[in-house]
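Enquirer: I'd like to ask you about the structure that follows.
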Amino acid sequence: MHLRLYLRLLAPLLLILALGGWLAMNVTEELTERWFLRDLGLRGNLIANAQSDTISKVLDNGQWDRIHALFERTIRDERLSAIALCSTNGLLMHRTKDFPTDLDCAQAHALQRNGNVELTLPLGKVMLGIFPVSTEEHHIADLVLLHDLAFVERRTRLSQQYLLVFMLMMGLTVALLIVLLTQYNWRRWNLALRTMLNPASNTLAAPPEFRSFMDDLRTRLRDLEDHYRHGQYSDADWTAERLRSLLASHLHGDELLVVSNREPWTHERIGDALLVRQPASGLVTALEPVLQACSGTWIAHGSGNADRECVDAADHLMLPPGQQDYRLRRLWLSEEEVRGYYDGLSNEGIWALCHLAHVRPVFREADWQHYRQVNQRFADAVIAEARSHNPVVLVQDYQLALVPALIRQRLPEATILCFWHIPWPTPEAFGICPWRTEILQGLLGSTILGFQTRHHQQNFLATVERFLEARLETERSSVFHAGRETLVDSYPISIAWPATTPDSAHQRQLGREALGITAGQKLILGVDRFDYTKGIEEKFIAFERLLEKHPEWIGRLCLLQLAAPTRSSLADYAALSERVARRAMQINNRFGRPGYTPVTLLVEHRDQAAVRALYGAADVCVVSSLHDGMNLVCKEFAAARDDEQGVLVLSSFAGAARELGEALSINPYHTESFADTLQQALCMHPAEQRERMSSLRRQIHDANVYLWAGRMLEDAARWRLQARMHERLHRYQHS
């Protein structure tokens with residue numbers, strides 16, 4: 001390590017030790033002197049008591065030579081300088097030769113009244129002490145002792161020297177220990193950092209105390225890598241044309257198949273009329289240009305009541321209508337299969353399990369059997385439609401979790417991309433599923449497995465680690481299972497950037513008038529599927545609390561909730577519908593006035609143009625999801641606001657919350673703060689609205705749905721290129 005680092009570590013220590021040594025020496029000097037003075041007083045009393053018998057006899061018989069001999073023997077002690085004997089009436093009776101001649105008994109008594117007295121005499125610095133000499137009956141004399149203080153000073157200096165040596169040795173020892181420990185820890189840091197930066201190393205190879213730091217640092221580095229890797233695609237606008245260009249350059253000649261439960265176009269017969277509809281879906285928006293560019297095949301469940309009328313003998317249909325750029329293969333499911341596979345396991349089981357919305361998941365053995373059968377039918381359809389041994393297959397969402405492994409068994413060289421659109425729960429939550437092993441193994445048949453957020457990606461990896469015998473490569477974010485590697489990554493889905501209409505401001509005004517919103521009123525908008533994960537009931541409760549706290553909004557504020565009906569045959573959804581309708585009626589009865597309805601609940605489907613008109617008319621759009629993989633409503637709202645006005649209120653439990661930082665964040669479970677955030681949104685200054693909305697729109701414009709599809713297909717193309725290189729190298733080595 002560098003010398004300066006040691007100096008920075010040791011200089012404060014040495015300074016503290018020096019200051020501590022100085023204080024200790026002063027304290028030691030004071031304490032030592034106090035202890036010695038006390039000791040001298042005790043010693044003086046001891047001498048007076050020991051000599052009292054001899055002095056008493058001398059005073060009786062007058063043998064002063066005995067006193068002289070006694071005093072001479074006594075002052076041989078290094079701690080005594082001179083002794084004098086005074087009578088009780090203050091007369092000097094005897095003294096040693098060094099006792100000052102100008103110090104009589106009266107003066108000694110006068111000095112002694114103020115306690116211990118230090119005197120400076122020719123023989124040195126002494127302390128004067130007077131000690132009574134008594135027999136059992138009487139006080140017969142006083143013994144005046146002059147204690148040599150030079151002895152005290154010598155002992156004090158000796159104690160200070162010992163203390164100084166001790167402090168010096170302790171300082172050197174501590175400094176040496178610091179240097180050794182610092183050098184040792186520095187080497188451990190280097191080992192930990194080298195371990196972290198080495199992709200082939202394992203975290204367990206690092207010192208234990210560094211493992212949590214390494215895990216956190218590796219996560220940050222992966223986030224930065226993702227940010228860089230994802231950002232490199234945003235150097236230009238992503239459009240359908242650019243996506244087609246990427247496919248032409250990276251997947252030229254490769255066969256592409258898309259597998260999903262939802263079909264891109266439906267045929268509905270209403271009376272004698274045959275209607276062709278494209279469902280409002282970000283998935284359809286993203287993948288249709290891909291299939292058009294590759295002339296691929298889309299395999300989906302035919303759910304329209306006139307779908308069978310519009311396919312050929314092989315259940316095929318060319319799309320889009322009038323263009324015939326790609327082929328749709330419709331798969332027919334019975335009502336029993338739909339109830340078991342889709343309504344049962346997919347929605348009552350997996351959907352409820354993956355969304356933390358306090359609805360108990362239901363797992364039935366019969367539903368599982370239908371789920372397996374339908375997944376096998378989708379996989380068989382892929383095998384039947386594939387014209388090559390290594391097609392690119394895009395499998396979509398939780399309804400088809402077993403399909404990747406089923407395809408892999410028949411087409412081992414296929415490149416299978418599976419995207420899980422909903423959240424992935426924690427290992428503890430997913431452990432509830434009775435068929436967790438089969439679902440995990442099914443998904444790990446993928447070449448690339450995508451999630452909406454890194455959090456869901458990490459949850460999946462932790463689940464695999466908990467329930468499967470698999471090897472995880474954290475640096476590559478991949479799983480090795482059953483002899484194959486699966487790349488697990490996050491690909492946040494988005495929307496297609498809409499074209500701006502020249503009369504958008506006029507259309508917004510017409511939309512507000514059509515809704516009965518006057519110039520002085522404000523509109524809060526909610527657009528959701530009628531699902532218990534969307535927090536519609538929590539939204540109504542917060543709106544009611546807002547009117548309670550701020551009654552000035554009564555008559556001036558409306559909440560319009562567009563709730564598209566879904567899965568209404570399921571008990572949980574029917575119960576939710578009843579609760580929400582009851583809550584809306586309660587709010588209207590409580591705060592409604594003639595000509596004013598606070599809450600309007602529209603349970604219906606509306607096309608994209610109608611929904612876009614609602615976005616333009618709203619002052620505030622509230623997305624209050626209790627748990628969501630992404631949620632595209634918030635992105636659609638921002639994309640529709642080309643006037644850069646309006647406020648987005650977004651649940652922190654939606655996957656989009658990580659991307660859209662300029663939205664006002666809410667916890668839909670906390671009614672009080674939810675209501676306060678609505679108040680903040682309604683009172684936000686237009687300049688702040690413009691600043692926030694401009695930032696949101698830039699984010700959505702750059703990271704649109706074509707970027708989402710492009711990233712996944714780019715990774716697939718890179719994977720296929722590596723596989724081909726390995727195959728050629730293998731052939732070369734064995735040729």
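Enquirer: Among the residues of the stretch 337-369, write down those that are farther than 23 Å from Pro264 by Cα, open to solvent by 50 Å² or more (accessible area, probe 1.4 Å) and not in a loop (DSSP other than H, G, I, E, B).
Expert: Scanning the stretch 337-369 gives Glu365, Ala366, Gln369.
Enquirer: Which members of the stretch 391-449 meet the condition of being acidic (Asp, Glu) and under 32 Å from the mean Cα position of the chain (by Cα)?
Expert: The answer is Asp397, Glu428, Glu438.
Enquirer: Let me ask something else about it. Would you please name the residue that is farthest from the chain's Cα centre (by Cα), looking only at residues in the stretch 647-669 that are crowded, with 18+ Cβ neighbours inside 10 Å and small (Gly, Ala, Ser)?
Expert: Ranking the candidates gives Ala663 first.
Enquirer: Next up: Name, by its number, the condition in (1) open to solvent by 10 Å² or more (accessible area, probe 1.4 Å); (2) in contact with a Leu (Cβ under 8 Å, 6 or more places away or on another chain); (3) free of Cβ contacts under 8 Å to residues at least 40 places away in the same chain; (4) under 20 Å from Ala300 (Cβ atoms) that does not hold for Leu406.
Expert: Condition (2) is where Leu406 drops out.
Enquirer: Okay, next question. For the stretch 259-295, which residues satisfy the criterion of being open to solvent by less than 50 Å² (accessible area, probe 1.4 Å), part of a loop (DSSP other than H, G, I, E, B) and modelled with pLDDT of 90 or more?
Expert: Correct list: Asn261, Glu263, Pro264, Trp265.
Enquirer: Still on this structure, I have one more. Anything in the stretch 587-645 that is buried (at least 20 other Cβ atoms within 10 Å of the Cβ), without any contact (Cβ under 8 Å) to a residue 60 or more places away in the chain and of a type in the set (Lys, Arg)? List them, or say none.
Expert: The one that is buried (at least 20 other Cβ atoms within 10 Å of the Cβ), without any contact (Cβ under 8 Å) to a residue 60 or more places away in the chain and of a type in the set (Lys, Arg): Arg641.
Enquirer: Continuing with the same structure: May I ask you to list the residues in the stretch 339-398 that are of a type in the set (Ser, Thr, Tyr), under 30 Å from Gln722 (Cα atoms) and in contact (Cβ under 8 Å) with a residue 60 or more places away in the chain? So that I can check it myself, show each step before the final result.
Expert: Applying the first criterion (of a type in the set (Ser, Thr, Tyr)) to the stretch 339-398 yields 341-342, 346, 371, 388, 398.
Still in the running and under 30 Å from Gln722 (Cα atoms): 388, 398.
The one that is of a type in the set (Ser, Thr, Tyr), under 30 Å from Gln722 (Cα atoms) and in contact (Cβ under 8 Å) with a residue 60 or more places away in the chain: Ser388.
Enquirer: Identify, by number, the condition in (1) touching a Lys or Arg at 6+ places or on another chain (Cβ under 6 Å); (2) part of a helix (DSSP H, G or I); (3) not charged (D, E, K, R) that Val622 doesn't meet.
Expert: Condition (2) is where Val622 drops out.
Enquirer: Residue by residue through the stretch 247-258, note down the ones that are touching a residue at least 60 places away in the same chain (Cβ under 8 Å), surrounded by fewer than 19 Cβ atoms within 10 Å (Cβ to Cβ) and within 17 Å of Tyr706 (Cα to Cα). First the steps, then the outcome.
Expert: Looking only at the stretch 247-258, we keep the residues that are touching a residue at least 60 places away in the same chain (Cβ under 8 Å), and these are 247, 250-251, 254-258.
So of that shortlist, the ones also surrounded by fewer than 19 Cβ atoms within 10 Å (Cβ to Cβ) come out as 250, 254.
Within the stretch 247-258, His250 is the sole residue that qualifies.
Enquirer: Looking only at the stretch 311-332, count how many residues are within 22 Å of Val374 (Cβ to Cβ) and not in a loop (DSSP other than H, G, I, E, B).
Expert: Qualifying residue count, the stretch 311-332: 7.
Enquirer: Right, Thr600: at pLDDT 90 or above, touching a helix residue (DSSP H, G or I) at 6+ places or on another chain (Cβ under 9 Å), within 26 Å of Gly655 (Cα to Cα) and not charged (D, E, K, R) or not? Quick ask: steps written out before the conclusion?
Expert: On the way: at pLDDT 90 or above: yes; touching a helix residue (DSSP H, G or I) at 6+ places or on another chain (Cβ under 9 Å): yes; within 26 Å of Gly655 (Cα to Cα): no; not charged (D, E, K, R): yes.
Criteria not met by Thr600.
Enquirer: Being surrounded by fewer than 16 Cβ atoms within 10 Å (Cβ to Cβ) and either in contact with a Ser or Thr (Cβ under 6 Å, 6 or more places away or on another chain) or under 18 Å from Gly710 (Cα atoms) (or both) is the filter here, so list the residues in the stretch 451-495 that pass it.
Expert: Of everything in the stretch 451-495, just one residue is surrounded by fewer than 16 Cβ atoms within 10 Å (Cβ to Cβ) and either in contact with a Ser or Thr (Cβ under 6 Å, 6 or more places away or on another chain) or under 18 Å from Gly710 (Cα atoms) (or both), namely Glu485.
Enquirer: Sticking with this one: Pick out the one residue from Leu461, Leu440, Leu472 that is without any contact (Cβ under 8 Å) to a residue 40 or more places away in the chain, out of contact with any helix residue (DSSP H, G or I) (no Cβ under 9 Å at 6 or more places or on another chain) and not β-branched (Val, Ile, Thr).
Expert: Leu461
Enquirer: Another question about this same structure. For Arg692, indicate whether it is without any contact (Cβ under 8 Å) to a residue 60 or more places away in the chain, charged (D, E, K, R) and part of a helix (DSSP H, G or I).
Expert: Values: without any contact (Cβ under 8 Å) to a residue 60 or more places away in the chain: yes; charged (D, E, K, R): yes; part of a helix (DSSP H, G or I): yes.
Spelling it out, Arg692 is indeed without any contact (Cβ under 8 Å) to a residue 60 or more places away in the chain, charged (D, E, K, R) and part of a helix (DSSP H, G or I).
Enquirer: Another question, then. What's the number of the only condition in (1) assigned to a loop (DSSP other than H, G, I, E, B); (2) at pLDDT below 95; (3) farther than 29 Å from Ala386 by Cα that Cys433 fails to meet?
Expert: It fails just one condition, (2).
Enquirer: Please work out which one of (1) farther than 15 Å from Tyr326 by Cα; (2) among the hydrophobic types (A, V, I, L, M, F, W, C); (3) assigned to a helix (DSSP H, G or I); (4) open to solvent by less than 20 Å² (accessible area, probe 1.4 Å) is the condition Trp238 fails and give its number.
Expert: Here Trp238 meets the rest and fails (3).
The values are calculated or read from the model by the stated rules, or taken from the named source; none is laboratory data. No experiment lies behind these values; they were computed from the predicted model shown. Quick reminder, even Gly has a Cβ in these numbers, built from the backbone with ideal geometry, and neighbours come from all protein chains shown. For accessibility, only protein heavy atoms count, side chains too; no ligands or nucleic acids. Shrake-Rupley method; radii C 1.70, N 1.55, O 1.52, S 1.80 Å.
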